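The values are calculated or read from the model by the stated rules, or taken from the named source; none is laboratory data. Quantities reported herein were computed from a predicted structural model and do not represent experimental measurements. Using ideal geometry, Cβ is built from the backbone for each residue, glycine included, and neighbour counts are taken over all protein chains shown.
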Amino acid sequence: MELSITARQSLTAPSRPDLVREPTVTLAAPSSGGPRGKVALRGVGKTYVSAAGPVQALQDIDLEIAPGSIIGRSGAGKSSLLRTINRLERPTSGRVEVDDVDIATLDEAQLVALRRRIGMIFQHFNLLAAKTVFDNIALPLRVAGVPRAQITQRVHELLALVGLQDKADSYPRRLSGGQKQRVGIARALASGPEILLCDEATSALDPETTQSILQLLRDINHKLGITIILITHEMSVIREIADRVLVLEQGRVAELGEIWQVFGKPQHPATRALLAPLQHGLPQELQQALQPQAPAGRHERVLQLEFHGGDGLQPDLQRIAAVVGGRVRVLQAGVDHIQGHTHGQLVLAVADAPASHDWQALTQGAQAIAHHIKELGYVADPVHSH
Amino acid sequence: MSLTLSIPIERYGNALLDTLQMVSVSGALALLAGVPLAVLLIVSAPGGFLDWPRLHRVLGSVINGFRATPFIVLLVALIPLTRLVAGTTIGVWAAIVPLAISATPFFARIVEVSLREVDPGLVEAAQALGCRKWDIVWHVYLPEALPGIVGGFTITLVALISSSAMAGAVGAGGLGDLAIRYGYQRFDTQVMVIVIAMLIVLVSLVQRAGDGYVRRLRNR
């Protein structure tokens, strides 16, 4: 069982949205000063009782999520962690605190009030089939007793925010998956939450729709300064949207940190396994041609240069050629930017290089051309052998 | 060949009106009582949000008791209650009391099934959005189960049309009574055939109306 959590610091200073906060006081700014929407998990554990005996789903989770951040977790269907935050599930041990209040101590009315501060969207959207798009989005406001005129205004604002102005009177059945999730987002934002929980929100969507939903979530984080906590099993989603990632392995924290650090230098096997689909293996052809010893005749060395970001080091080909010496050929390249950090690898074939190179020296100081250099082997020189 | 009716046509008309009156009034009562009963069954069930297993068990047993009793027995057994409620033990109104009482648990069970089939994800979503318990009943359970409830009500009405045939036992009249008294006891095949044809038309109309409504609900 592998799970990961990511978090993003807010991109800009959060500008408080015009949101309905209390049923009677609308368009109000939060009354208390200081940041709100701080979530802390303290030693949270969750054990399920199943036919086969107790199943430990979560163990000793300690986590603090700063206001205005985006957090994501991926896992094989486990949403327990996310669902403890709005008490859809109660942890069997430990505490969940929102703004320093242990939510287990809340009574029914306080719990309802808390949930109005925490929006939630779902993998399967969970829209009410019997209600129109308008009525779905209006539901949280109706049950909070917001006056009708304000509901109408607010729902139209939300429809505009998610780009579905023309769908107000449609029923969810008539919408595409992406449109349904937009309605879900609008509904979750209706009561002006400080936190948005996303439970595998893009897992039922195709890649293009996923991109547009992620863009919408980014916009919301940006515009409304809402803390977004998202769980997903799709590493590409985390890479796309998150700033901090927590990898869970068998209910325990395996790794937690800035996403470029965790992804750049994965420490835990679980993280590496999750990252595997994003990493390019060597092409079959090259693998077959590789030889451990330098062959007779003209040959090239095959080097793998890795970039982990962090210090602005770029895969500068001219510089690499100059430092390595001789002719440099790119066999494979996969370079990406995560949170502005260059991340990826180059596989180079180097001919006519000095017989021995201290590769380690080329990863440090002024000479540095990559964060890590590995000698993969040798190939016959294709340029001169023909 | 000209058709001569063995009994005056008004008999058929009156019988039809009696049947319609019995079925519609007892159906309406079953609707009013059955839906809340089903909601109570769902919310009191273990794990339901009222989680009151004792109430759930008692309700379940009472419903099972009424459902197990044959209608003709119920009709007689309920005579004291009927006298109390309707003020009489004969006629259409006397039949409505046992009809409603037998239809209610039947309908409640059908509604219970429809409510239970509402996606738990929707209930969870409503909770996450800050809905209180009764908000969830009102905004999630009932509207989402409506097609099933309407379908179940159609079945209940058809069952009532059938049960109302026995109401002749308390002198309530109706189509079924006509068929039994003339068609069965006096071997008047013509009455039997006409009554059955009328019942077929009536049942078909109710079923078609119900199906049409369900289809409209599901297609929106």
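Quick look at the numbers
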read-out	value
Residue among B:ARG67, B:ARG83 that is surrounded by fewer than 23 Cβ atoms within 10 Å (Cβ to Cβ) and closer than 18 Å to B:THR156 by Cβ	B:ARG67
Single condition A:PHE134 does not satisfy, out of (1) crowded, with 18+ Cβ neighbours inside 10 Å; (2) part of a helix (DSSP H, G or I); (3) under 29 Å from the mean Cα position of the chain (by Cα)	(3)
Filter result (assigned to a loop (DSSP other than H, G, I, E, B) and within 30 Å of A:ARG244 (Cα to Cα)) within segment A:326-370	A:GLN339, A:GLY340, A:GLN364, A:ALA368, A:ILE369, A:ALA370
Unmet requirement for A:GLY163, which otherwise passes all of (1) on the phi < 0 side of the Ramachandran plot; (2) exposed (fewer than 15 other Cβ atoms within 10 Å of the Cβ); (3) in contact (Cβ under 8 Å) with a residue 12 or more places away in the chain	(1)
Single unsatisfied condition, A:VAL253 versus (1) within 16 Å of A:GLY334 (Cβ to Cβ); (2) assigned to a strand (DSSP E or B)	(1)
Of all residues in segment A:218-242 being among the small types (Gly, Ala, Ser) and surrounded by fewer than 21 Cβ atoms within 10 Å (Cβ to Cβ), the one that is farthest from A:ILE338 (Cα to Cα)	A:GLY225
Check on A:GLN318, assigned by TED's automatic domain parsing to the domain that holds A:HIS371 and assigned to a loop (DSSP other than H, G, I, E, B)	no
Unmet requirement for A:PRO140, which otherwise passes all of (1) within 21 Å of A:THR227 (Cβ to Cβ); (2) assigned to a loop (DSSP other than H, G, I, E, B); (3) touching a Ser or Thr at 6+ places or on another chain (Cβ under 9 Å)	(2)
Residue satisfying all of: in segment A:171-207; crowded, with 20+ Cβ neighbours inside 10 Å, small (Gly, Ala, Ser) and in a loop (DSSP other than H, G, I, E, B); modelled with the highest pLDDT among these	A:ALA190
Whichever residue in segment A:91-137 is at positive phi and among the acidic types (Asp, Glu) and, among such residues, is nearest to the other protein chains (Cβ to nearest Cβ)	A:ASP99
Top-ranked residue of segment A:178-216 - restricted to ones that are among the charged types (D, E, K, R) and within 14 Å of chain B (Cβ to nearest Cβ), ranked as nearest to A:ILE137 (Cα to Cα)	A:ARG187
Residues of segment B:168-220 satisfying the condition of being closer than 30 Å to B:LEU146 by Cα, of a type in the set (Lys, Arg) and without any contact (Cβ under 8 Å) to a residue 12 or more places away in the chain	B:ARG208, B:ARG215, B:ARG216, B:ARG220
Breaking point among (1) within 21 Å of B:ILE155 (Cα to Cα); (2) free of Cβ contacts under 8 Å to residues at least 24 places away in the same chain; (3) touching an Asp or Glu at 6+ places or on another chain (Cβ under 9 Å), for B:ALA45	(1)
Hey, A:VAL323 over 22 Å from A:ALA242 (Cβ atoms) and in a strand (DSSP E or B) or not	no
Some residue of segment A:30-51 being in a loop (DSSP other than H, G, I, E, B), touching a helix residue (DSSP H, G or I) at 6+ places or on another chain (Cβ under 8 Å), at pLDDT below 65 and surrounded by fewer than 21 Cβ atoms within 10 Å (Cβ to Cβ)	no
Hits in segment B:86-126 (condition: free of Cβ contacts under 8 Å to residues at least 12 places away in the same chain and surrounded by fewer than 16 Cβ atoms within 10 Å (Cβ to Cβ))	B:GLY87, B:THR88, B:PRO120, B:GLY121
Members of segment B:179-201 that are out of contact with any helix residue (DSSP H, G or I) (no Cβ under 9 Å at 6 or more places or on another chain) and closer than 22 Å to B:VAL158 by Cα	B:ALA197, B:ILE200, B:VAL201
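Residue by residue, here is whether (1) among the basic types (Lys, Arg); (2) in a helix (DSSP H, G or I); (3) closer than 19 Å to B:THR104 by Cβ holds:
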site	(1), (2), (3)
B:LEU5	no, no, no
B:ARG11	yes, yes, no
B:LEU17	no, yes, no
B:LEU29	no, yes, yes
B:GLY47	no, no, no
B:ASP51	no, no, no
B:LEU59	no, yes, yes
